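Q: One structure, pasted below without further comment.
All of the numbers you see were taken from the coordinates with simple rules; none came from a lab. Keep in mind that this is a model prediction, so the values were computed, not measured. Note: ideal-geometry Cβ built from the backbone for every residue, glycine included; neighbour counts use all protein chains shown.
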Amino acid sequence: MGISETYTRGRDLVTSRPSVLIVAGIVALLALDLVRQIATPGGLSTTQLVGYLWDGLVVGLSIGLAGVGLSMTYSILNFANFGHGDYVTSGAFAGWAVTWVIAGAGQFDLTTLLFIGSVSTRDLGVSAFATPLAIVVGLLVAAAATIVLSLVIDRLVYRPMRDEGGISLLIASIGVALALRYTIYIVFGQRTRGLTDAQSVPDIAIAGGFGVGGHEVALVVIAAALMLSVHFLLQTTKLGKAMRAMADNEDLARVTGIPTERVVRFTWIIGGGLAGAGGFLIALERGAMNFQFGWVLLLLIFAAVILGGIGSIYGAMFGGITIGIAQSISLVWLPSEFSTVAAFAVMIFVLLFKPDGLFSGVTTA
Amino acid sequence: MRSEADRREASNRAGSGPTREASEDEQRESSTHPTAETPVVADGGTATAGATRSADAALPEESLLRVRDLDAGYGDLQILTDVDLDVGDGEYVTIVGPNGAGKSTVMKSVFGLTSYMGGTIEFAETPIHGLQPDEIIHEGIGYVPQNDNIFESLSVRENLEMGAYILDEVPEDQIEWVYDRFPILRERSDQRAGTMSGGQRQMLAMGRALMLDPDLLLLDEPSAGLAPDLVQEMFDRIDRINEEGTAVLMVEQNAKQALRRCDRGYVLVNGENAYVDEGDALLNDEQVRKDFLGG
């Protein structure tokens, strides 16, 4: 490429899209400042930075896990499901109720346990290390309960509206979200409850005084495994290929003899299962939850999914991690109150460059 | 777009349209002076029904696909009126006609993609009208839509696998069979289908529809959007598939080419049968040439 051509291209870029230049400038400045802060004695330590990245990864994977389901239902059913955040909450409550019952049976009142009531988490002593069986069963129940829930809701609400436009379905899903959230509110109450016994969770020490929480490791490992499974399901199984085919071209899928309603059901099974499992794991990592944590998370889930390109599950995974890391790395410069703002700023900046998201056009593939 | 008067005239001519029995001279005679010999019939349907009946001699002895008095459309909008159509075992049949005549609608109706409003469609003596596409595919009919006829984000091979979705196992021998007929697909086996050229896409779409080894292949404008040299190649491939025993029902914009190659042709006007005859006979018919083939 000639110099003049480069010059012309550069000039075109400056005149046509000045925002791109401004963003590039900001990114360069931040990168330089990061190097300066690390180089300054008494400034940001490498351990701190790695800590931020790790936190970002943990948050990002949990957002991504929930986002995969949202993106899948979007690409196959053609609507943005605002109920997805409350699917996450529902799964978490179902799973944790079972985990508590298993961990505390015989010691505590069964009804109190079932409603995740007032029990000292210290006395109950639930953690992935102290009570692994209760955690594993809880995780499975969380996934299973959310699968059943999403299938029932699909049958009752979405299926009769299947041929309506995306907006009608979207509004219906807001109704579903409210119904779920306040059902949980009525059954379990409003308070934020502790779930795990932080004392029984060992920190796993890694080099340089940097350690990671046991539950964080559990979340990262399980989330990564689940995402890999989804990848193999979509790429290698007949059903997964049919899902991609239907996301790609629903009319042709029908003409080809793909049973579209069955594919829709499996989409809910996978999307719902991931939402429930994700909710359980997020609560495990945080050690606490309330009736609206999924709803609060939904905004970030949407940000991740849109950043990655809505409809693409790899976009959801990648978008989740990007949002998570943006949120935590912003702590280098900003007070923690602004971390969500930073995450959304990153999303907006990415959309300036790629308006359809990073993985746009790679629908579910 | 032809005017209403033109259409009515065409329908009327259809009453004395070409048949296999009629001698060439008689055909010329009747179609050169249509209005003189045929009184204007107010109800176009009567005239077209007559056309189809008088062409019985051109019909196959046993029909694989038998359409009678078909009324169909989209939603409440009726497009087809009393359409009759037959495709014999292993026969190659083309539907031609002006834009908006309902050519594609006939094909979609056979495959259960329109609103069925009356009449009968039988395939291998089984009634299939009112069935859904995923049921019809089990009967042995393959359909290649005109547009968006491949899964762009899937690989070439995955597209073929989807074509055989209703089977329990991926039929490797059938994939090989398709690859042998369209060698480019074997070369591009792992490529994303969306990255292929128009001609290759069309081959893939046909390959996908052939994965269940259908008795009847429905092709909706297979030459649309192809470069002229590719059009020839595409028609050659369709010939070969037909010669191997698969009956073909094709809608074509490229009417001359299609009529030259097919066993029998239907001219559809305004959602009704206008002419039916052997492809060559239609091609040589002055009136058909003048009205539909551009002279």
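Q: Under a 5 Å amide H to amide H cut-off, with H placed in plane at 1.01 Å, what residues pair with B:Gly90 once short-range neighbours are removed?
A: Answer set, sorted by chain and number: B:Ala247.
Q: Additional query: Quick one, can you get me the convex hull of the C-alpha atoms of region A:108-164 expressed as volume per residue in Å³?
A: Enclosed volume per residue, from the Cα hull, is 113 Å³.
Q: Amide H neighbours of B:Ile150 under 5 Å, counting only residues 5+ apart in sequence or on other chains, H built in-plane at 1.01 Å?
A: none
Q: For every helix of n ≥ 4 consecutive DSSP H residues, a contribution of -39,500 (n - 2.57) applies; sum these over chain A, divide by its total residues, and give [θ] at 222 nm rounded to the nearest 500 deg cm²/dmol.
A: -24000 deg cm²/dmol
Q: Another question about this same structure. Of all alpha-carbon pairs in region A:200-245, indicate the percentage at a distance above 13 angstrom.
A: Pairs farther apart than 13 Å: 65 percent.
Q: While we're looking at this one, here's another question. Residue by residue through region A:321-331, which ³J(HN,Hα) values in whole Hz follow from phi under the Karplus form 6.51 cos²θ - 1.76 cosθ + 1.60 (θ = phi - 60°), with glycine and proline marked x?
A: 5, 4, 4, x, 5, 4, 4, 7, 6, 5, 5
Q: Could you work out, for region A:112-217, what percent of all Cα-Cα pairs fall into each 10 Å distance bin, beginning at 0 Å and stopping at the bin that holds the largest distance?
A: For region A:112-217, the binned pair fractions read 12, 28, 27, 20, 11, 2 percent.
Q: Please work out the Cα convex hull volume for region B:58-169 and give it in Å³ per residue.
A: 137
Q: Next question. By what distance, in whole Å, do the Cα atoms of region B:125-217 stretch along each of the three principal axes, largest value first?
A: Result, largest extent first: 40, 28, 20 Å.
Q: Right, next: Give me D for region B:193-257 in µm² s⁻¹, whole number, from Stokes-Einstein with Rh from the Kirkwood sum over alpha-carbon pairs, 4 °C and 1.567 mPa s.
A: 106
Q: Could you give me the ³J(HN,Hα) list for region A:32-49, computed from phi with Karplus coefficients 6.51, -1.76, 1.60 and θ = phi - 60°, whole Hz, x at Gly and Pro?
A: Residue by residue, region A:32-49 yields 4, 5, 4, 4, 5, 4, 6, 6, 5, x, x, x, 5, 8, 4, 4, 4, 4 Hz.
Q: If we count every other residue with Cβ under 14 angstrom of A:Val59's Cβ, Lys/Arg +1 and Asp/Glu -1, where does the sum land?
A: Surrounding charge for A:Val59 is -2.
Q: Next question, about the same structure. List the residues whose amide H sits under 5 Å from the amide H of B:Tyr275, counting only those 5 or more places along or on another chain, with H placed 1.01 Å from N in the peptide plane.
A: It is B:Val267, by chain and number.
Q: Ordered by packing density, taken as the mean number of other Cβ atoms within 10 Å over each peptide's residues, highest first, how do A:300-310, B:130-140, A:33-43, A:248-258 rank?
A: A:300-310, A:248-258, B:130-140, A:33-43
Q: Net charge around A:Ser90, counting only other residues with Cβ within less than 15 Å of its Cβ (Lys, Arg = +1; Asp, Glu = -1)?
A: So the surrounding residues net to -1.
Q: Using the crude model of +1 on Lys and Arg Cβ and -1 on Asp and Glu Cβ, and no other charge, please compute the dipole size for the protein assembly as shown relative to its Cα centre, in debye to 20.
A: 3920
Q: From the Cα gyration tensor of region A:1-133, with a ≥ b ≥ c the square roots of its eigenvalues, which class applies: rounded if a/c is under 1.5, or else prolate if a/b is larger than b/c, or else oblate?
A: In terms of gyration-tensor shape, oblate.
Q: Right, here's the next one. Shape verdict for region A:283-361, please, from the Cα gyration tensor: rounded (a/c under 1.5), prolate (a/b greater than b/c) or oblate.
A: oblate
Q: A further question on this structure: Under a crude label model (7 Å from the Cα following the beta-carbon direction), how far is A:Ile174 from A:Asp109 in nanometres?
A: Between A:Ile174 and A:Asp109, the simple spin-label model gives 4.0 nm.
Q: Once the Cβ-Cβ distance between A:Phe129 and A:Leu299 is put in as r, and R0 is 41 Å, what FRET efficiency do you end up with, to the nearest 0.05?
A: 0.80
Q: Please report, largest first and rounded to whole Å, the three semi-axes of the ellipsoid equivalent to region A:64-150, where each semi-axis is the square root of five times an eigenvalue of the C-alpha gyration tensor.
A: That gives 30, 12, 10 Å for the three semi-axes.
Q: Does region A:234-320 come out rounded, prolate or oblate, given a ≥ b ≥ c as the square roots of the eigenvalues of its C-alpha gyration tensor, rounded meaning a/c under 1.5 and, failing that, prolate meaning a/b above b/c?
A: Because a/c hits 1.5 or more and a/b exceeds b/c, region A:234-320 counts as prolate.
Q: A follow-up question, please. Give the order of A:Trp54, A:Trp333, A:Trp268 when sorted by the count of other beta carbons within 10 angstrom, beginning with the fewest.
A: Ordered by Cβ neighbours within 10 Å, fewest first: A:Trp333, A:Trp54, A:Trp268.
Q: A follow-up question, please. Using θ = phi - 60° and the Karplus form 6.51 cos²θ - 1.76 cosθ + 1.60, what ³J(HN,Hα) does each residue of region A:63-76 get, whole Hz, x for Gly and Pro?
A: 5, x, 4, 5, x, 4, x, 4, 5, 5, 5, 5, 6, 9
Q: What is the sum of charges, Lys and Arg at +1 and Asp and Glu at -1, for the other residues whose Cβ falls under 13 Å from the Cβ of A:Ile135?
A: That works out to -2.
Q: Label A:Asp12 and A:Val341 with points 7 Å out from Cα along Cα→Cβ: what is the distance between them in nm?
A: 3.7
Q: Give the average over all directions of the projected area of the C-alpha convex hull of the protein assembly as shown, one decimal, in nm².
A: Taking the Cα atoms of the protein assembly as shown, their convex hull projects to 38.2 nm² on average.
Q: Return one quarter of the surface area of the convex hull spanned by the alpha-carbon atoms of region B:67-108, equal to its mean projected area, in nm².
A: Across all orientations, region B:67-108 yields a mean hull projection of 3.2 nm².
Q: Moving on to the next point. Taking all pairs of distinct Cα atoms, average 1/r, flip it, and tell me the Kirkwood hydrodynamic radius of region A:62-300 in Å to one decimal place.
A: Result for region A:62-300, one decimal place: 18.6 Å.
Q: GNM, chain A, Cα, under 10 Å: largest mean-square fluctuation among A:Gly209, A:Gly51, A:Gly83?
A: A:Gly209
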